[in-house]
Amino acid sequence: MYILEASGLSKAYSSGQGAKQLVLREIQLQIAQGEFVAVMGPSGSGKSTLLYTISGMDGISAGRVVFKGREISSLAEEELAKLRLHGMGFIFQQMHLLKNLNIRDNIILPAYRANKNRRGSINKKAAELMKRTGIAALAERDITQVSGGQMQRAAICRALINEPDILFGDEPTGALNSKAAGEIMEIIAEIHQTGTTILLVTHDTKVAAQAERVLYMLDGSIAAEHRLGRYEKRN
Ligand code: ADP
Ligand code: ADP
């Protein structure tokens, strides 16, 4: 069963004087429930645009995108926002955490927005996520007082607080040193183990090596695709 399907997905940006730049060219992509997919390719090849259009964060120029059997490309913004809030989690290179809130409050914010749980169960879920990602002791800390790796752990907790079906990541290890990046990847691999579908844009081959499938984008198309075996750690 596919959780996410794009067919004929195209995206054009106007490049002045009525001219259009085609950034995604009739993408066909099917992501299975529970799959871990990485997207690689040169800068400017359309990786981020693929992530943002397939998740409904950005509009598309042609084609369709179906998430859990619903065509999201034709949904009204309000409906789409609701679907994203409940069904999708996002992590980015820059973590976009709020500086005036502590770690716990950053994490629980989307849960209050979703308004589907009571305060007690939200706090319980946040505590469980912080424990799983190794930041339980930092709950009261200001965002400005933790490392980049710890911030990304908090961002992961925030992305998972509403128990999304799919986790999207745009270079989630891009701002981290290699030790912190490795730790974040272990956490992402564990999230995958628990059944969450994962779609990550990355230029890091170590990150991509953990995925079950790697897509290589070139000039707005998926130029190649590799299905890999299990990641093996070598010392
Ligand atoms: P990648 O993630 O592979 O580096 P992007 O998806 O960010 O590639 O960008 C693909 C192309 O689309 C680039 O040429 C970029 O300049 C262009 N692009 C991305 N976002 C916009 C935008 N909002 N407006 C105009 N052009 C854009
Ligand atoms: P990434 O590192 O994810 O590829 P970029 O640095 O390419 O991101 O783009 C950062 C932001 O600027 C994105 O929101 C993207 O949509 C926008 N952007 C990228 N290229 C252009 C462009 N040529 N014109 C307008 N916006 C752009």
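Just so it is clear, none of the values below were taken in a lab; they were calculated from the coordinates. Computed from a predicted structure; not experimentally measured. Note: ideal-geometry Cβ built from the backbone for every residue, glycine included; neighbour counts use all protein chains shown.
Key figures for this structure:
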| quantity | calculated |
| --- | --- |
| Residue-span extension gain [GLU71 to LYS206] - 0.36 nm each, minus C-alpha spacing | 45.3 nm |
| Helix axis angle, 119-132 relative to the chain longest principal axis, alpha carbon, degrees | 80 degrees |
| Relative contact order for the stretch 1-67, counting Cα pairs under 8 Å that sit 6 or more residues apart, in percent | 45 percent |
| Calculated FRET value between LEU98 and ASN123, using beta carbons and R₀ = 25 Å, to 0.05 | 0.90 |
| Calculated Rg and Dmax of the chain using C-alpha coordinates, Å | 17.8, 55 |
| Residue-averaged 222 nm ellipticity for the chain, from DSSP H runs of 4+ at -39500 (n - 2.57), nearest 500 | -10000 deg cm²/dmol |
| Using alpha-carbon coordinates, inclination of helix 103-114 to the longest axis of the chain, degrees | 60 degrees |
| For the stretch 103-145 versus the stretch 1-78, the gap between their alpha-carbon centres in whole angstrom | 31 Å |
| Helix 148-160 axis, angle to the chain major axis (alpha carbon atoms, nearest 10°) | 80 degrees |
| Rounded if a/c under 1.5, otherwise prolate or oblate - the stretch 37-107, Cα gyration tensor axes | oblate |
| Relative packing of 207-220, 53-66, which averages over residues the other C-beta atoms within 10 Å, highest first | 207-220, 53-66 |
